[in-house]
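See structure below.
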Amino acid sequence: MTSGNSCVFVITGPSGVGKGSLIARLRERIPSLEMSVSATTRKPRSGESDGVDYHFLDPAEFDRRVAAGEFLEYADYSGNRYGTLRSEVEARIEAGHPVVLEIEVQGARQIRETMPSAVQVFIAPPEFDALRSRLEGRGTDRSEAIEARLAVAEQELLARDEFPHRVVNDDLDRAADALEAIVRGKLSQSQG
Ligand code: 5GP
């Protein structure tokens, strides 16, 4: 599959950096952007719904879909599996909508190979400790899970220079301005 003239935006970066909040802000500003709903073997957190936040799959079903070639990319992350279903992205591209993928770094690397026209943006924290405060503050993970995520985050931060676009999330509005400029730049190129 190629993305042709459709725009695919990959927003990556460590857990706790604020990718979700930043994307929510971006979508308020550019409502035509559609999200690809990922699949995961992680259990739903309170308030999350199946088919909206994620497609929650058990590990056997996830494996079955991997074997059937249903994923554009997938990765193990902190004890669970996460992946982008082809169907999520293809349906939106066919309908002519720009698509946003919010994924971790291993998945972003796979998309770089399989869909080189996708625009990849790495979201970085102003400093490492900001990740801990954010993960603790949102209260969604147990302390062991937070430590595991921070260990992965340290590695993920080393990958920042691989990405052509980098946005430091020091201030949500400022970071949203920077991300919006990148996205609008690509959207206007593809329309022109
Ligand atoms: P969380 O458990 O906090 O929802 O997500 C953990 C990490 O997995 C985050 O960095 C998130 O961006 C990433 N993630 C979510 N969906 C996908 C996906 O489809 N593929 C990959 N590779 N990572 C994903």
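Just so you know, all these numbers are worked out from the coordinates, no wet-lab data involved. In this text the structure is predicted, and so the values were computed from the model without any measurement. So basically every Cβ, Gly included, is an ideal-geometry build from the backbone, and we count neighbours across all protein chains shown.
Listed highest first by mean packing, meaning other Cβ atoms within 10 Å per residue, what order do 57-63, 33-39, 22-28 come in?
Those peptides, ordered most packed to least, come out 33-39, 22-28, 57-63.
In units of 2.2 N^0.38 Å, what is the alpha-carbon radius of gyration of the range 60-172?
1.18
In the range 67-131, what GluC sites (Glu not before Pro) fall in a loop by DSSP, with at most 13 other Cβ atoms inside 10 Å?
Numbers: sites: Glu70, Glu73, Glu88, Glu90, Glu94, Glu102, Glu104, Glu113, Glu127; in loops: Glu70, Glu104, Glu127.
Within the range 67-131, the qualifying GluC sites (Glu not before Pro) (loop, at most 13 other Cβ atoms within 10 Å) are Glu127.
Exactly which GluC sites (Glu not before Pro) in the range 132-192 are in a DSSP loop and have at most 14 other Cβ atoms within 10 Å?
Answer in residue order: no site qualifies.
I want the antiparallel fraction of DSSP beta bridges within the chain, as a percent rounded to 5. Provide the component values of the computation, followed by the final result.
Details: 8 of 25 bridges.
The answer is about 30 percent antiparallel.
Per 10 Å bin, what percent of the C-alpha pairs of the range 111-192 does each bin hold, from zero upward?
15, 38, 32, 13, 2
Return the FRET efficiency for the residue pair Ala181, Glu127: r is the Cβ-Cβ distance, R0 is 25 Å, and the value is rounded to the nearest 0.05.
Efficiency computed from Cβ-Cβ geometry: 0.60.
Give me log10 I(q)/I(0) at q = 0.20, 0.26 Å⁻¹ for the range 5-56, Debye formula, one equal scatterer per alpha-carbon, no solvent.
-0.90, -1.26
Based on the alpha-carbon set only, what is the convex hull volume of the range 67-126 divided per residue, in Å³? Display every interim value, and only then the final one.
On the way: hull volume 5.9 nm³, N = 60.
About 98 Å³ per residue, rounded to a whole number.
Quick one: in the chain, what % of C-alpha pairs are over 19 Å apart?
Here the long-distance tail beyond 19 Å is 59 percent of all Cα pairs in the chain.
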